[in-house]
Amino acid sequence: MKQASLPQSSAAHHIEHIIIGTAGHIDHGKTSLVKALTGIDTDRLPEEKRRGLTIDLGFAYLDLDENRRVSIVDVPGHERFVKNMLVGATSINLVLLVIAADDGVMPQTIEHLEIINLLGIKHGLIVLTKKDLVTDEWLAIVREDVKKTVSGTSLEHAPIIPVSVITGEGIETCETMIKELIAQIQVRNSIRVFRMPIDRSFTISGYGCVVTGPILGGQVSVEDEIEILPMKRALRVRGIEVTGERVTSAFAGQRAAVNLAGIKSVEIQRGQELSLPGYLQPTKIIDALLRLIKSAKNPLKNRARIRFHLNTSEVMGRVVLLDRDALKPGEEALCQFLLEDFVTTEREDRFIIRAYSPAYTIGGGKVLRNNTVRLKRFQEKALHILKILASGNLPDIVEQAYLDNTHVYRGERPFAFTVGDISRQVNIHPSVAENVIAGLVKKGLLLKFLIEGKEGIVHRDVIASVKEHILNTLSAFHKENPVKTGIEESQLRALVSAGFLSAPKTEKARVGKSRSGPPFADTTQPFLFTAALSVLKNEKVVKIMDNKLSLMDFKLEVSTKDKGAADKIEEAFLKAGFTPPSLQEIITKFGASGKTAISLLVEQKKLMMLENGLYFHAMALTKLKELVRTHVTRNGPMSVAQFRDMSGTTRKYAVPLLEYFDAIHFTKRTGDVRVVL
């Protein structure tokens, strides 16, 4: 059955990837200006109509010409509704700062301007409304006051245009200037993963749940599978509308209405987000760069309770200052927000903080990363990483992600990330991640490995750390076992891992770039161990002989005394045949040299050790195998008693010998007898 969709509009426009937003004090004419420009009354709520006051966001669109259309968000100006203003302000590209000519600059003018500045909105137009109510002299005074107010802000060089919505004077000039500014704006990058914060949710009869919001990245199409966060629930897109027109896809920089299948509108709240499934992880801990506004009444103290505004969400929380005890007005600091509820965020998201009570804007900044752990204050390593993230240099940020796994990733292969891992961790599109990684690989900072069909990319410093640990472990093994030619790979990995697990906590924590040396990576990870070992083999630092690993320059060091003891012990085992001496008997007779000689003979494969610690000469075992084969061929399956009688040994040796033959798949036990395989 065909699914219902949003109604089809008769017109078809090219929708610009730009969102215009208003700002300004209450009753300064923001809504009237939007109506004069677009013909649309954005006050949609009955209470707004009754009171003549904008309470929540209003939406309109402006036709730039007969083919092009752009979205407009009208925000409330009353101080009680600044939180609603913030919902609309965080996504706009071009701001219309509206100031009534008869009132001039007012408290919410200042607060909205501070918000615009904190959000980094660089393109704007200052509109002096109600021109018809003032004289030219008064208008000139207001203009000068406005210039002083915006000095030093992102709107310092914004054009100032007087208008009157009553007479229509200046409206056409305002529209022309908007078109000129739009031509200067760099549209949002669609080469990102889809993401849309939700500002409204409602039900349309016959269509079901519809949500609206600005698309911050990527694109969304009809029939796409998406995810709603933070509830992490998979949904399907049934239909999309942009500025009143039904479309098949919507893109970054546009406002969209999305018809969702699989959920009811009452289950959705403002502040939730839509994104690509599995891309974003909701968090309560955010690392950030925070700036306190110059006009803040007081310094911001460590662990102060604040209101945290991010896109369409408002969450209470505390701010932990990582590099100081208090943040003075006008200063910046690295910090961590500990929130009381989950939010969805990406690196470079802009946020605003307001005082808890009474609520007023005190600062803002940008998100550096979401986190899963609380950072320690004044920790040089943590601050170093956050400064790299704050720099915005993408290659450096990606490189740091390969060096630092302490804050977010708890996967199968920490430090050995794929393109997809980095895309999610750094919040960039996979194609961008692939290009940046390729550049770092070309420079030799990152190394690619393909191990057992799995590709992983590891920083060279991490590999260097694991290599160093492997070499130290091999060196220690050779020192303790001078007559052993090497160690099996599985045993080496176990020793290396045991060494890591017993390392001091301070050493384990030393991950990432450090002035004191390379990182100490988690060598318990098989991928990292195998990757580092492969490099050592290629560099011919480690060699393999008889499936055993050793340092390339390692040589067996056998003293004349030990060699002489080995010769005598071997002769004793040859004479003993199938009833060899025990290890204790050898040590009693030859002392410490006896144990060393036994190890040497085992290494040379002249002696073979059975599971229970018995040793037999290899020639004796070969002879015994032939006797067993002949006996079974002539007489059929052999019992333990028959084996004991045939070999002339005792049960003490017979049972371990037969179990050894079973283990090497020479014989097979069937009931109480053995057959030869």
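The values are calculated or read from the model by the stated rules, or taken from the named source; none is laboratory data. Keep in mind it's a predicted model, so treat the numbers as computed, not measured. With ideal geometry, Cβ positions are generated from the backbone for all residues, glycine too; neighbour counts draw on all protein chains shown. Surface areas here come from the heavy atoms of the whole protein model, side chains and all, with no ligands, DNA or RNA. Shrake-Rupley method; radii C 1.70, N 1.55, O 1.52, S 1.80 Å.
The table for this structure:
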item: Selection status of Ser514, surrounded by fewer than 18 Cβ atoms within 10 Å (Cβ to Cβ) and at pLDDT 85 or above; result: no
item: Residue check for Val95: open to solvent by less than 40 Å² (accessible area, probe 1.4 Å), assigned to a helix (DSSP H, G or I) and either within 22 Å of Leu37 (Cβ to Cβ) or not charged (D, E, K, R) (or both); result: no
item: Count of residues meeting criterion [surrounded by fewer than 18 Cβ atoms within 10 Å (Cβ to Cβ) and more than 60 Å from the chain's Cα centre (by Cα)] in the range 643-668; result: 7
item: Qualifying residue in the range 579-591 (condition: among the β-branched types (Val, Ile, Thr), without any contact (Cβ under 8 Å) to a residue 40 or more places away in the chain, in contact with a Leu (Cβ under 7 Å, 6 or more places away or on another chain) and over 21 Å from Ala663 (Cα atoms)); result: no
item: Residues within the range 115-127 that are open to solvent by 20 Å² or more (accessible area, probe 1.4 Å) and not in a strand (DSSP E or B), tallied; result: 3
item: Selection from the range 291-308 of residues that are within 20 Å of Ile110 (Cα to Cα) and either part of a loop (DSSP other than H, G, I, E, B) or modelled with pLDDT under 95 (or both); result: Ile293, Lys294, Ser295, Ala296, Lys297, Asn298, Pro299
item: Count - residues of the range 253-307 that are open to solvent by less than 60 Å² (accessible area, probe 1.4 Å) and among the polar types (S, T, N, Q); result: 7
item: Test: residue in the range 104-114 that is in a loop (DSSP other than H, G, I, E, B), surrounded by fewer than 22 Cβ atoms within 10 Å (Cβ to Cβ) and touching a helix residue (DSSP H, G or I) at 6+ places or on another chain (Cβ under 9 Å); result: yes
item: Where a residue in the range 636-649 is hydroxyl-bearing (Ser, Thr, Tyr) and its partner, wherever it lies, is crowded, with 16+ Cβ neighbours inside 10 Å and at pLDDT 90 or above, with Cβ under 6 Å and at least six apart; result: Ser639/Val673; Ser647/Phe578; Thr649/Phe578
item: Selection count, the range 478-500, where residues are assigned to a helix (DSSP H, G or I), open to solvent by less than 20 Å² (accessible area, probe 1.4 Å) and either free of Cβ contacts under 8 Å to residues at least 12 places away in the same chain or touching a strand residue (DSSP E or B) at 6+ places or on another chain (Cβ under 7 Å) (or both); result: 2
item: Criterion: out of contact with any strand residue (DSSP E or B) (no Cβ under 9 Å at 6 or more places or on another chain), of a type in the set (D, E, K, R), at pLDDT below 85 and open to solvent by 30 Å² or more (accessible area, probe 1.4 Å) - qualifying residue of Glu585, Glu557, Glu539, Glu571; result: Glu557
item: Single match in Ser475, Ser431, Ser465, Ser502 (criterion: at pLDDT 90 or above, over 30 Å from Leu601 (Cα atoms) and hydroxyl-bearing (Ser, Thr, Tyr)); result: Ser431
item: Members of the range 146-175 found to be open to solvent by less than 70 Å² (accessible area, probe 1.4 Å), on the phi < 0 side of the Ramachandran plot and over 40 Å from the mean Cα position of the chain (by Cα), listed by number; result: Val146, Thr149, Pro159, Ile160, Ile161, Pro162, Val163, Ser164, Val165, Ile171, Cys174, Glu175
item: Residue in the range 446-454 that is basic (Lys, Arg), at pLDDT 90 or above, part of a helix (DSSP H, G or I) and over 16 Å from the mean Cα position of the chain (by Cα) present; result: no
item: Only one of Lys575, Lys605, Lys589 that is under 22 Å from Gly564 (Cβ atoms) and not in a helix (DSSP H, G or I); result: Lys605
